[in-house]
Amino acid sequence: MPTYRAPRGTRDLLPPETATWTLLERLAADLATRYGYRRIETPLFELTDVFERGVGEVTDIVEKELFRLAPRTEDGEVWALRPEPTAGIVRAYIQHGMQTWPQPVRLTETGPMFRYDRPQAGRYRQFWQWDIEAIGDPGPAIDAEIIELGTRFYRDAGLRDIEVRLNSIGDLVCRPTYVAELTDYYRARRDALPATEQDRLERNALRLLDSKDPAMAALNAAAPRITDRLCEACADHFAGVLAHLDALGVPYRLEPGLVRGLDYYTRTAFEFYVIGREGQQQAIGGGGRYDGLVELLGGRPTPGIGFGIGIDRLILALAETGAAEPPEPPTVAVVVGSDPADTTGRLRLATDLRAAGIAARADLGHRKLGKQLEAAARDHAHFAVILGDEAASGEVGLRDLPAGTQKLVPIGDLAREIERAEAIHRHGAGTA
Ligand code: HAM
């Protein structure tokens with residue numbers, strides 16, 4: 001047993017799995033650029049207040065899962081690791097006066113989030129999100145743009161059966177009446193509520209609706225539905241979102257019980273699921289509109305909408321649905337040599353090849369040529385560059401390892417020669 005292990009609920013990401021991560025992060029970054037979302041980086045920790053006010057005090061994320069840091073400043077600032085990026089991004093939007101930029105401000109951020117949750121499959125204490133936010137547009141067209149972007153990402157990542165579950169949870173005009181009605185509904189059934197839900201009932205009845213407690217399932221199914229009680233403006237907005245999604249051909253399923261686990265949402269709320277994995281009750285992504293959040297954190301009233309897509313859960317889903325793992329980029333050439341002690345010569349040649357854009361490494365051990373060649377083949381390198389006596393006349397051996405052929409090449413032509421052979425190898429002899 002090792003003395004130290006990664007903390008519970010966290011994982012080391014190792015090769016070759018990291019190749020999938022690199023690919024997904026690149027895909028997310030490329031899509032964000034294509035859709036006009038620009039990168040923002042916010043700190044991994046913020047004043048705890050940002051999350052308490054932003055995400056909401058009566059939420060699992062703040063009540064139970066916040067990684068609070070021990071206070072250590074003279075002026076008594078209290079920090080927490082970010083459980084999600086939206087509150088921090090909105091804090092930055094206000095701090096940097098982004099309301100004076102052309103609206104909406106489209107932003108994207110990818111990175112680790114921290115929730116002190118009970119660890120289990122697909123639920124980690126450190127996990128990665130790809131986040132998208134559009135701040136300053138009341139919708140409904142942009143709501144559809146963002147939902148379509150999410151579905152495209154999953155599809156391009158190789159996940160076929162994605163379902164968008166969609167709801168509107170109203171706004172400050174219609175939601176209070178609804179919440180009052182919901183509170184009455186649960187109060188009348190108080191004896192059937194688990195203790196934690198009884199406790200939450202008077203503080204935020206909406207949270208009971210997305211309770212994961214099995215004892216709540218039947219009660220929640222029969223609870224009053226917000227969609228039947230939307231004010232006219234919210235109903236119109238929701239109809240607009242659906243019309244735009246229909247026009248884009250994005251399928252969705254209306255889910256009147258979907259309220260999301262964060263307090264900042266207004267109107268549009270959605271989650272992404274893999275069809276066939278619903279039993280796990282784990283969304284692989286989710287988001288929605290937060291028209292009150294900028295004001296709540298001290299800015300001028302400004303609408304916003306976004307999503308967070310869990311990269312860890314996406315990778316689990318890809319593995320479960322049998323999607324192919326991307327191959328790791330291979331080492332193209334390994335520089336070996338007949339003089340085991342001549343590490344300088346091998347390192348210099350590999351450095352020159354890398355400067356010319358070729359993925360190369362030098363064998364820096366002090367073993368015999370035969371052993372160096374064996375190691376290069378085990379690495380699945382395409383070429384071994386062999387530094388031998390011919391180096392005195394400016395030539396090296398170039399061995400095509402899979403083909404078993406070898407020739408002498410002037411050192412000055414080496415990079416070009418490898419590139420040419422690689423291109424033939426990649427595209428087939430006829431097209432190069
Ligand atoms: P969220 O639904 O709390 O939303 O998280 C988004 C996604 O992050 C989830 O659907 C899931 O894939 C992943 N996730 C959450 N918790 C964990 C965990 N413990 N382990 C692994 N994956 C997890 C938000 O965070 C909002 N900020 C989304 C948003 C952006 N809304 C508007 N803009």
Next on the checklist: Residues that are within 22 Å of Val274 (Cα to Cα), at least 2 per element: which helices (runs of 4 or more DSSP H) completely within segment 190-257 meet that?
Outcome noted: 217-221, 232-248
Item to check | Every residue from segment 10-51 that is closer than 18 Å to Glu84 by Cα, more than 17 Å from the chain's Cα centre (by Cα) and not in a helix (DSSP H, G or I) | outcome: Phe45, Glu46, Leu47
Next on the checklist: Taking the conditions exactly as written (surrounded by 18 or more Cβ atoms within 10 Å (Cβ to Cβ) and within 13 Å of the ligand (Cβ to nearest atom)), does Arg53 satisfy them or not?
Outcome noted: no
Next on the checklist: Pull out all pairs, ordered by first then second residue, where Cβ-Cβ is under 9 Å, the residues are six or more apart or on different chains, the first lies in segment 3-30 and is of a type in the set (D, E, K, R), and the second is open to solvent by 90 Å² or more (accessible area, probe 1.4 Å).
Outcome noted: Glu17/Glu325
Checklist outcome for this item: If we ask which residues in segment 296-331 are within 16 Å of the ligand (Cβ to nearest atom), in a loop (DSSP other than H, G, I, E, B) and either polar (S, T, N, Q) or without any contact (Cβ under 8 Å) to a residue 24 or more places away in the chain (or both), their number turns out to be 2
Checklist entry - Is at least one residue of segment 348-368 in contact with a Gly (Cβ under 7 Å, 6 or more places away or on another chain) and surrounded by 14 or more Cβ atoms within 10 Å (Cβ to Cβ)? => result no
Next on the checklist: Considering only residues that are under 30 Å from Ile411 (Cβ atoms) and either touching a His at 6+ places or on another chain (Cβ under 7 Å) or open to solvent by less than 40 Å² (accessible area, probe 1.4 Å) (or both), which ones fall in segment 296-330?
Outcome noted: Pro330
Checklist entry - Does Glu133 satisfy being under 17 Å from the mean Cα position of the chain (by Cα), more than 14 Å from the ligand (Cβ to nearest atom) and closer than 28 Å to Arg225 by Cα? => result no
Checklist entry - Failed condition for Arg267, given (1) basic (Lys, Arg); (2) more than 11 Å from the ligand (Cβ to nearest atom); (3) in a loop (DSSP other than H, G, I, E, B); (4) open to solvent by less than 60 Å² (accessible area, probe 1.4 Å), with all others met? => result (3)
Checklist entry - Any idea which of Asp143, Asp60 is open to solvent by less than 10 Å² (accessible area, probe 1.4 Å) and of a type in the set (D, E, K, R)? => result Asp143
Next on the checklist: Of everything in segment 87-120, what is closer than 19 Å to Tyr290 by Cα, touching a strand residue (DSSP E or B) at 6+ places or on another chain (Cβ under 9 Å), β-branched (Val, Ile, Thr) and open to solvent by 10 Å² or more (accessible area, probe 1.4 Å)? Give them in sequence order.
Outcome noted: Thr108
Checklist outcome for this item: With criteria (1) closer than 30 Å to Leu24 by Cα; (2) modelled with pLDDT under 95; (3) open to solvent by 20 Å² or more (accessible area, probe 1.4 Å); (4) not β-branched (Val, Ile, Thr), Leu242 comes up short on (2)
Checklist entry - What number of residues within segment 50-67 are among the acidic types (Asp, Glu) and either in contact with a His (Cβ under 6 Å, 6 or more places away or on another chain) or farther than 18 Å from Gly292 by Cα (or both)? => result 3
Checklist entry - Hey, among the residues in segment 58-99 that are in a helix (DSSP H, G or I) and under 19 Å from Gly9 (Cβ atoms), which one's nearest to the ligand (Cβ to nearest atom)? => result Ile61
Checklist entry - Out of all the residues in segment 123-132, is one or more in contact (Cβ under 8 Å) with a residue 60 or more places away in the chain, assigned to a helix (DSSP H, G or I) and surrounded by fewer than 21 Cβ atoms within 10 Å (Cβ to Cβ)? => result no
Item to check | Test for Leu293: is it within 12 Å of the ligand (Cβ to nearest atom) and hydrophobic (A, V, I, L, M, F, W, C) | outcome: yes
Next on the checklist: So Gly285 passes all but one of these: (1) of a type outside the set (S, T, N, Q); (2) open to solvent by less than 20 Å² (accessible area, probe 1.4 Å); (3) at pLDDT 95 or above; (4) over 19 Å from the mean Cα position of the chain (by Cα). Which condition number does it fail?
Outcome noted: (4)
Next on the checklist: When you check Thr351 against the structure, is it touching a Phe, Trp or Tyr at 6+ places or on another chain (Cβ under 9 Å), modelled with pLDDT of 95 or more and at negative phi, yes or no?
Outcome noted: no
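The values are calculated or read from the model by the stated rules, or taken from the named source; none is laboratory data. Small disclaimer: the values here were computed from a predicted structure and weren't measured. Methodologically, a virtual Cβ is constructed for each residue, glycine included, from the backbone with ideal geometry; neighbour enumeration extends over all protein chains shown. To get the accessible areas, we keep the full protein, side chains included, count just its heavy atoms, and leave off ligands, DNA and RNA. Shrake-Rupley method; radii C 1.70, N 1.55, O 1.52, S 1.80 Å.
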